[in-house]
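S.K.: This is the structure I have questions about; it appears just below.
No lab work stands behind these numbers, since they all come straight from the coordinates. Note that this is a predicted model, so its numbers are computed, not measured. Cβ sites come from the backbone with ideal geometry, for glycine too, and all protein chains shown count toward neighbours.
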Amino acid sequence: MPVTQISDIVVPSTFVPYVQQKTLELSALYRSGVIAPDQELTAAAASGGDLVRLPFWNDLEGESNVGSDNPSVHSTPASINADQDIAVKHFRNKSWSSMSLAGELAGSDPARVVADSIAEYWARDMQSILIASLT
């Protein structure tokens with residue numbers, strides 16, 4: 001009877017953080033500084049829903065006033081307005097599988113290939129999604 005052994009499993013507490021960090025290290029956008037981790041966005045992404053609303057203040061606008069020492073000339077205060085960006089959360093997944101017989105016939109472990117390659121896969125995939133989202 002087949003028995004699952006420790007060597008057959010991936011321990012999530014070790015594997016997931018490793019893949020996440022390795023994925024960032026392999027991302028050309030991250031390495032170049034174009035994107036960077038942000039605690040507020042990470043918290044917003046972890047909240048419920050499929051959208052993240054990002055409020056912001058609009059830039060100050062309008063012409064400046066000409067200064068005067070005449071007490072009857074008053075400056076009229078301008079308002080500042082707010083707006084929001086809306087970001088879509090991307091829920092992505094991909095899975096791979098292999099049979100032990102396939103590894104035995106191939107002479108190497110397909111699951112090990114997946115484990116060694118998964119960070120590169122997600123770095124490429126996430127960059128493609130980001131570029132597609134921005135264009």
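S.K.: With unit charges on the beta carbon (Lys/Arg positive, Asp/Glu negative), name the residue among 72, 97, 36 whose Cα is farthest towards the positive pole of the charge dipole of segment 23-135.
M.R.: My answer, from the dipole projection, is 97.
S.K.: List the extent of the Cα atoms of segment 17-135 along each of their three principal axes, largest first, rounded to whole Å.
M.R.: 93, 30, 25
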